[in-house]
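The values are calculated or read from the model by the stated rules, or taken from the named source; none is laboratory data. This is a predicted model, so every value here is computed, not measured. No Cβ is skipped: glycine too gets one built from the backbone with ideal geometry, and neighbour counts run over all protein chains shown. The protein model used for the area step is the full one, side chains on, heavy atoms only, and it has no ligands, DNA or RNA in it. Shrake-Rupley method; radii C 1.70, N 1.55, O 1.52, S 1.80 Å.
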Amino acid sequence: MKISKLNIDQFRHLENLDFDFTYQSGERKGQPLDKICFIGQSATGKTGLLELIYEYNLNILNLEVINGRHLTGSRNGIKLVKGEIEFLINESSFTQKNEEVFYKNRNYKYENGGGSVENLISIQDKNDVFYFKSNLISDINIDLFAKNPIDLIEKHSADLQHIEDEFKHKESYGVLFNDIVNDKIWLYLLNDILNYRKNFTQKMSELIHKGLLANAKKLDSEFQKWQKDNPNVLELFAKEFNPILEKLNLEVDLVNTEYSIPIKNKRIDEIIPIQNTSTGTKGLLLSFLPIYKLDTKDSIILIDEPERSLYPDMQMDLMDHYQRLAPDAQFIVATHSPFIAASFEPDERFILYFDEEGKVAVRRGSSPIGDDPNDMLYNDFGINYINKFGQAKYNEYLDLKQKIYFEKDDNIKKEYAEKLEKIGDEYNF
């Protein structure tokens, strides 16, 4: 499922907004965008748009019909939003306008009545939606990652036995990653790693009980045989996660058994408890693991403020890392960062702004992908990136250039030129 169009007649403070989420030119003209970026100052409704798209997804994925003719199900606020939204579901267009749905050449309306009930969208055509909120980084979400894997296995053994089946055969769709994510979701994401850790511990105990501790060569040989049929699943995650951790001088350690996903400082070769890592590192782990583990094929992934607590050099490549993990998903992000925004084509950027009447309006981006962040701030964010102190110096710089042009005295002109050069070098004018 990918969103291709959104028209809002009225939603909260948003009125009469049209979003065309398709490529505007080239070979893919008319197809849904692979990634979408919302830019805009606070209160323009970026987060509200993410919430709206997420709720629309939940509603659509869980729609049911009576006798194949009429929509049914409990009404919620999203059905009452005035407007129109269009998705592409396995090459079939799905359109909902107010409370009427058009799908596979049929119209459906909400009506009361009895009869046989079935899903409007078949199970094989459904793809999940994932929403990472800006408050994702919390002590509650980090708690399980700070626990010893064996302790987790013992404490949650009953849940872990059935957790894979629960997620594969779930009855409702949509996973929300906010500040309090259900422990079962984290356990599901860690389950492969925990299973490996349990089997590893059992195998090592078995080899030790065989008396191989005194024969290191034999112990290693027996373990390598076992390892061949039982690869360390953490290695696969580390292969994806380590490239972005590298800039932090960190990596996933494959030897330590104290944590499910142990993080090591490469410089001092020491494990850092996840609760003691930076806020940005915690946020990366809490978003990367779900996107790595969950089935994201043809899914929508919404991320609010992906740049949170990350240094600019990390922000510049972040979308590339996310898309590498989920190449077939559609990413929709809301950001205040020109470094994140520069990862998007102009057609993929939607700038929300207040018009002359104080209403929220929308326009597409203009800066090319990869543009200088200062140009991005000026062109798409609508911000003069030089503050009042810099502006004063720039005005002084311009004034000196004018004085040099009109000055007749060579000594004074030289003095002006030296000041001009000094300011130019200092501020890169």
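Applying the selection to the range 68-96, what residues are modelled with pLDDT under 85, assigned to a loop (DSSP other than H, G, I, E, B) and within 28 Å of the chain's Cα centre (by Cα)?
N76, V81, listed by residue number.
State which residue pairs qualify: first residue among the polar types (S, T, N, Q) and inside the range 382-410, second residue not in a loop (DSSP other than H, G, I, E, B) in any location, beta carbons under 7 Å apart, and separation of 6 or more residues or different chains.
Qualifying pairs under 7 Å: N384/Y378.
Look at R324 and say whether it is open to solvent by 10 Å² or more (accessible area, probe 1.4 Å), charged (D, E, K, R) and touching a helix residue (DSSP H, G or I) at 6+ places or on another chain (Cβ under 8 Å).
So R324 passes the test.
Restricting attention to the range 324-344, and to residues there that are under 20 Å from G48 (Cα atoms) and among the hydrophobic types (A, V, I, L, M, F, W, C), which single residue is farthest from the chain's Cα centre (by Cα)?
A341
Residue under question is N62, and the condition is that it be more than 25 Å from N379 (Cα to Cα) and within 18 Å of the chain's Cα centre (by Cα); does it hold?
Judged against the criteria, N62 is not a match.
Considering each residue of the range 165-205, count those that are in contact with a helix residue (DSSP H, G or I) (Cβ under 9 Å, 6 or more places away or on another chain), open to solvent by 40 Å² or more (accessible area, probe 1.4 Å) and not aliphatic (A, V, I, L, M), and give that number.
Number satisfying all stated conditions: 12.
For (1) in a helix (DSSP H, G or I); (2) under 25 Å from L325 (Cα atoms), each residue gets a yes or a no:
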{"residue": "K218", "(1), (2)": "yes, no"}
{"residue": "K225", "(1), (2)": "yes, no"}
{"residue": "E235", "(1), (2)": "yes, yes"}
{"residue": "A238", "(1), (2)": "yes, yes"}
{"residue": "N242", "(1), (2)": "yes, yes"}
{"residue": "L254", "(1), (2)": "no, yes"}
{"residue": "E258", "(1), (2)": "no, no"}
{"residue": "R267", "(1), (2)": "no, no"}
{"residue": "Q275", "(1), (2)": "yes, yes"}
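Consider only pairs whose beta carbons are under 9 Å apart and that are at least six residues apart or on different chains; among these, list those whose first residue lies in the range 138-158 and is without any contact (Cβ under 8 Å) to a residue 60 or more places away in the chain and open to solvent by less than 70 Å² (accessible area, probe 1.4 Å) and whose second residue is assigned to a loop (DSSP other than H, G, I, E, B) and aliphatic (A, V, I, L, M).
S138/I180; S138/V181
Is it the case, given these coordinates, that L285 is outside any loop (DSSP other than H, G, I, E, B) and surrounded by fewer than 23 Cβ atoms within 10 Å (Cβ to Cβ)?
yes
Pairs, please: C-beta under 7 Å, at least 6 apart or cross-chain, first residue surrounded by fewer than 13 Cβ atoms within 10 Å (Cβ to Cβ) and in the range 7-19, second aliphatic (A, V, I, L, M)?
H13/V360
May I ask you to say which residue of L294, L302 is touching a Phe, Trp or Tyr at 6+ places or on another chain (Cβ under 6 Å) and of a type outside the set (F, W, Y)?
Answer to the selection: L302.
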